[in-house]
1. Suppose the filter is modelled with pLDDT of 90 or more and either buried (at least 18 other Cβ atoms within 10 Å of the Cβ) or under 27 Å from the mean Cα position of the chain (by Cα) (or both); does residue 192 pass it?
2. Under 7 Å by Cβ, and 6 or more places apart or on different chains, what pairs join a residue from region 182-197 that is charged (D, E, K, R) with one that is part of a loop (DSSP other than H, G, I, E, B)?
3. Identify the residue in region 103-116 that is outside any loop (DSSP other than H, G, I, E, B) and of a type in the set (A, V, I, L, M, F, W, C) and, among all such residues, is farthest from the chain's Cα centre (by Cα).
4. With the checklist (1) within 20 Å of the chain's Cα centre (by Cα); (2) part of a loop (DSSP other than H, G, I, E, B); (3) not small (Gly, Ala, Ser) in hand, flag the one item residue 100 doesn't pass.
5. Residues that are acidic (Asp, Glu), assigned to a loop (DSSP other than H, G, I, E, B), out of contact with any Cys (no Cβ under 8 Å at 6 or more places or on another chain) and without any contact (Cβ under 8 Å) to a residue 24 or more places away in the chain: does region 155-164 have at least one?
6. If you check 128, 113, 152, 81, which single one turns out to be modelled with pLDDT of 95 or more, surrounded by fewer than 17 Cβ atoms within 10 Å (Cβ to Cβ) and either of a type in the set (A, V, I, L, M) or farther than 24 Å from residue 173 by Cα (or both)?
7. Do you know which of the residues in region 1-31 that are in contact with a Ser or Thr (Cβ under 8 Å, 6 or more places away or on another chain) and assigned to a loop (DSSP other than H, G, I, E, B) is surrounded by the most Cβ atoms within 10 Å (Cβ to Cβ)?
8. Only residues that are surrounded by 13 or more Cβ atoms within 10 Å (Cβ to Cβ) and closer than 22 Å to residue 162 by Cα: list them for region 254-270, please.
Amino acid sequence: MITFLTDFGTADYFVPAVKGVILSINPQTQLIDLTHEIPAQDIAGGAFTLGACYRNFPPKTIHLAVVDPGVGSARRAIVVDAGDYRFVGPDNGLFSYVYRQESRVRVFQIERDDLFRQPVSATFHGRDVFAPMAAHLSNGLLPESVGREVFDFVKLDLPETKIENQKRIIGAVLHIDHFGNCITNLTERELSLEQIAQLQISNSKSQIRIVFAGKPITQFGTHFAQMTKQGEPFMYLGSAGFWEIAVWCDSAAEKFSVRRGDELILDFGS
């Protein structure tokens with residue numbers, strides 16, 4: 001099985017061209033589209049989407065990901081062997097969440113130009129380099145046979161939580177989804193469901209305070225229908241394992257002018 005993620009969109013010939021190359025090499029493989037609607041050149045957005053869903057596929061799945069503003073330059077083409085999965089794409093940080101989530105990672109520079117589609121276009125490595133490589137891997141090619149192993153592969157500078165005097169945690173928005181929900185880098189390690197339950201108890205003496213876009217968050221729950229205050233931020237533990245902030249039937253990002261990287265303050269008081 002090969003999954004396919006890009007910023008190509010679906011209006012042009014790019015996606016079918018890549019699929020045609022793959023199926024010409026391995027007509028038996030199953031091709032699954034993750035998405036082709038990653039915003040143009042948005043490596044961080046592609047990295048998050050891939051990181052949030054690659055483990056939902058069966059072991060041995062090959063994930064082909066192409067968000068590649070550096071196509072044709074000196075940036076490397078790589079195969080990543082990580083956990084139960086393999087990844088093919090540019091060495092530009094697109095696999096950063098994979099590197100963070102997997103304890104066993106090996107990265108190989110693609111040097112087997114005998115396996116490429118010829119001639120190789122300087123502007124379409126998705127079709128001419130990455131597609132044939134994914135197809136050959138699906139036919140049994142071993143990652144270590146594509147080229148030398150590299151150790152200086154590119155990782156995005158993903159926002160880390162900051163702890164101040166054990167009383168305050170500064171989080172950040174990792175991703176804004178299609179609905180305008182703001183996905184933060186806080187997990188249950190920083191804020192447990194038990195602590196949220198305390199905040200929900202009427203007249204709670206909990207000193208936990210959460211501030212987002214300059215506004216205190218007072219609504220918490222497990223699903224959107226629990227929101228009782230329209231237009232006010234609502235916090236819940238999302239399906240990707242991160243705390244998220246939404247607004248009922250609206251875009252939290254637009255309403256509060258939030259962008260990726262903006263901070264969230266978790267204050268535990270004195």
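The values are calculated or read from the model by the stated rules, or taken from the named source; none is laboratory data. The shown structure was predicted, so the numbers you read here are calculated from the model rather than taken from an experiment. Cβ atoms come from the backbone with ideal geometry, glycine included; neighbour counts cover every protein chain shown.
1. Working: modelled with pLDDT of 90 or more: no; either buried (at least 18 other Cβ atoms within 10 Å of the Cβ) or under 27 Å from the mean Cα position of the chain (by Cα) (or both): yes.
For residue 192, the condition - modelled with pLDDT of 90 or more and either buried (at least 18 other Cβ atoms within 10 Å of the Cβ) or under 27 Å from the mean Cα position of the chain (by Cα) (or both) - is not met.
2. 190/161
3. Step one: of region 103-116, the residues outside any loop (DSSP other than H, G, I, E, B) are 105-109, 113-115.
Okay, now just the ones that are also of a type in the set (A, V, I, L, M, F, W, C), so 105, 107-108, 115.
On the way: 105: 17, 107: 18, 108: 21, 115: 28 Å.
Of everything passing the filter in region 103-116, 115 is farthest from the chain's Cα centre (by Cα).
4. Of (1) within 20 Å of the chain's Cα centre (by Cα); (2) part of a loop (DSSP other than H, G, I, E, B); (3) not small (Gly, Ala, Ser), only one is false for residue 100: (2).
5. Quick first cut of region 155-164, residues acidic (Asp, Glu) only: 157, 160, 164.
Keeping just the survivors that are assigned to a loop (DSSP other than H, G, I, E, B) gives 157, 160.
Those still in the list that are out of contact with any Cys (no Cβ under 8 Å at 6 or more places or on another chain) too: 157, 160.
After this cut, where a residue has to be without any contact (Cβ under 8 Å) to a residue 24 or more places away in the chain as well, the list is 157.
Within region 155-164, one or more residues are acidic (Asp, Glu), assigned to a loop (DSSP other than H, G, I, E, B), out of contact with any Cys (no Cβ under 8 Å at 6 or more places or on another chain) and without any contact (Cβ under 8 Å) to a residue 24 or more places away in the chain.
6. Values: 128 fails: surrounded by fewer than 17 Cβ atoms within 10 Å (Cβ to Cβ); 113 fails: modelled with pLDDT of 95 or more; 81 fails: surrounded by fewer than 17 Cβ atoms within 10 Å (Cβ to Cβ).
None of the other options fit; the residue is 152.
7. The qualifying residue surrounded by the most Cβ atoms within 10 Å (Cβ to Cβ) is 26.
8. Step one: filter region 254-270 for residues surrounded by 13 or more Cβ atoms within 10 Å (Cβ to Cβ), giving 255-256, 258, 260, 262-268.
Selection gives 258, 260, 262, 263, 264, 265, 266, 267, 268.
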